[in-house]
Amino acid sequence: QVQLVESGGGLVQAGGSLRLSCAASGRTFTRYTMAWFRQAPGKERENVAAIRWSGGSTYYADSVKGRFAISRDVAKNTMYLQMNSLIPEDTAVYYCAADPFGGSWSIPASYTTWGQGTQVTVTS
């Protein structure tokens, strides 16, 4: 059974940086797509970034391109989201997710396993 555990959220001023981590366990993730989503109060869950575990191809939402970077450490089974130049609109609960079937990276329904989420709050 796949398990995902996020860490690294917190409170930061606008312009600051945070790095989120997602520790994955339970399977070999070679064929997986792993992703970060976020959900702000009163809003739908939205995609942030995704990475193909094998090969490392990456995908980003337009709203974070140039500011966020997704990466993974295959040996540690851990995915990261480096967030720079944070703005208040980035405030949300951030979730990592795993897709074993290679579906559309931006659609939440493609992902079968989710972490518990970590809060990111950006103050102005």
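Please compute, over every Cα-Cα pair in the chain, the percentage with a separation greater than 25 angstrom. Of the Cα pairs, 15 percent sit more than 25 Å apart.
With 0.36 nm allotted per residue and the present C-alpha distance subtracted, the residue 116-residue 27 stretch has 30.2 nm of extension available. Under the criterion of Cα pairs below 8 Å and six or more residues apart, the relative contact order for the range 14-124 equals 33 percent.
Readers should treat all values here as calculations from the given coordinates under stated rules, not as data from a laboratory. Source: prediction; values computed, not measured.
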